[in-house]
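Below: the structure, in structure tokens.
We did not get these values from a lab; they are worked out from the coordinates using the rules stated. Everything numeric here is computed off the predicted structure, so don't read it as measured data. Cβ coordinates were reconstructed from backbone atoms using ideal geometry, including for glycine residues, and neighbour counts include every protein chain displayed.
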Amino acid sequence: MVHGLETECTIWHHRDVPATPTHSAETDVRPMTEGDVTAAADVWLTTTDDYRLRHGFPSTTDQEPLDEQRRRLESRIGHLRATDPGGSWVAERGGTVIGLGQAFVREKYWVLSMLGVLPAVQSAGVGKALLDRTLVHGPWDRGTIQASRDARAVRLYSGAGFDTHPVLAAHGSLRPETHGQPPPGVRPGGLEDLELVGDIDRAVRGAARPQDVTHLLKIDGCSLLIDGDDAYALARPDRIVMATGRHEAAAIRVLRAAIASAPPGGRFEVGWLTSAQQWAIPTVLAAGLDLVPHGPVMTLGMTGPPAPAIPSGGYG
Ligand SMILES: CC(C)(COP(=O)(O)OP(=O)(O)OC[C@H]1O[C@@H](n2cnc3c(N)ncnc32)[C@H](O)[C@@H]1OP(=O)(O)O)[C@@H](O)C(=O)NCCC(=O)NCCS
């Protein structure tokens, strides 16, 4: 859920971070309003920055300017609050937002997009209180979480009944020869392909999500790649955002096409590779990327992560 290789994280610091834990203070967990979106984004940026430092991950500001990260983050929080007000919560103390939890449901498929508590007030039950609110947003019968490596996160999700699927993430510099050679048959897509993308998602994940795909194309600046009627990928120049195929050969083709259209020699990430996504491993290794352990994918109400499918940290 922390996006990709935690790529939402920055060196941003929230202006109102409490200096010391105030565990005894009164915490109000309430629905997120439109007016909370900026404060919720501040909490997420501060929280993930601290998380990255604790886990030895580099800052992402050299990959994407802070302003652009903030713009995309606020637009994502605002989008999901608009589609799922019942899944969007904040924790507040003394008038300051100190945590957020955001989940959404598409055709009874629940996804936790974000759960974060400011570092100064962590480990005091706020994360659990927020998660509990998001879990009753429904109706849903299956769900996934792309989890961070924070031990408290996995403890919370496992305690809520989710199964844990270990993950590798691929990242590194692309070999120059991968550029500009998309597999034959893969074409650029657009909003006119929403129905096809929805059909693929339903066949593989059991749920379509046209509102999210529209947001990623129109607002988030993703490109869409389509292989026949069988697979699609949403990508940015530095990463796969999501990729789903009716079968592995088609999923491999859209993954290769996304890599081929990335800048030559540039950095690239493919996240959330559970053992269900063996099909993707030879392609990312051949492209020059390295595999590193990452936070797990958590599932509930399904036998394992949907496959072949590379999920998005924030959009499932
Ligand atoms: C993960 C996070 C949301 C949890 O929220 P929190 O308010 O800190 O955690 P809580 O106090 O609710 O405790 C959660 C669980 O961790 C346990 N816990 C608390 N402190 C702990 C610690 N220092 N070490 C290990 N476990 C701990 C709690 O006992 C609880 O488990 P339980 O339900 O089995 O009793 C929060 O720590 C955070 O924002 N982390 C950084 C961002 C992140 O990784 N977010 C999750 C993205 S998937």
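Assorted remarks:
- Note on region 106-141 and region 204-218: Cα centroid distance 21 Å, given to the nearest whole angstrom.
- Most mobile of GLN146, GLN181, GLN69 in a GNM of the chain (Cα contacts under 10 Å): GLN181
- More than 22 angstrom apart: percent of Cα pairs within region 39-124: 31
- Shown here are the Rg and Dmax of the Cα trace of region 171-294, at 13.5, 37 Å.
- Normalised by the number of residues in the chain, the average gap of Cα pairs under 8 Å and 6 or more apart makes the relative contact order 21 percent.
- Of the residues LEU131, THR83, TYR315, the one whose Cα sits farthest toward the positive end of the charge dipole of the chain, with +1 on the Cβ of Lys and Arg and -1 on the Cβ of Asp and Glu, is LEU131.
- The chain: DSSP helices with Cα axial extent of at least 24 Å and average Kyte-Doolittle hydropathy no lower than -1.0: 37-55
- When every Cα-Cα distance of the chain is counted in 20 angstrom steps from zero, the calculated P(r) takes the values 35, 58, 7, 0 percent.
- Result for the chain in a Gaussian network model with C-alpha springs under 10 Å: among VAL126, VAL29, VAL136, the largest mean-square fluctuation is at VAL136.
- Farthest towards the positive end of the charge dipole of region 170-316, among the residues GLY221, VAL284, ILE240, is the Cα of VAL284, using unit charges on the Cβ of Lys, Arg, Asp and Glu.
- Sum of -39500 (n - 2.57) over DSSP H runs of 4+, divided by residues of the chain (222 nm, nearest 500): -9500 deg cm²/dmol
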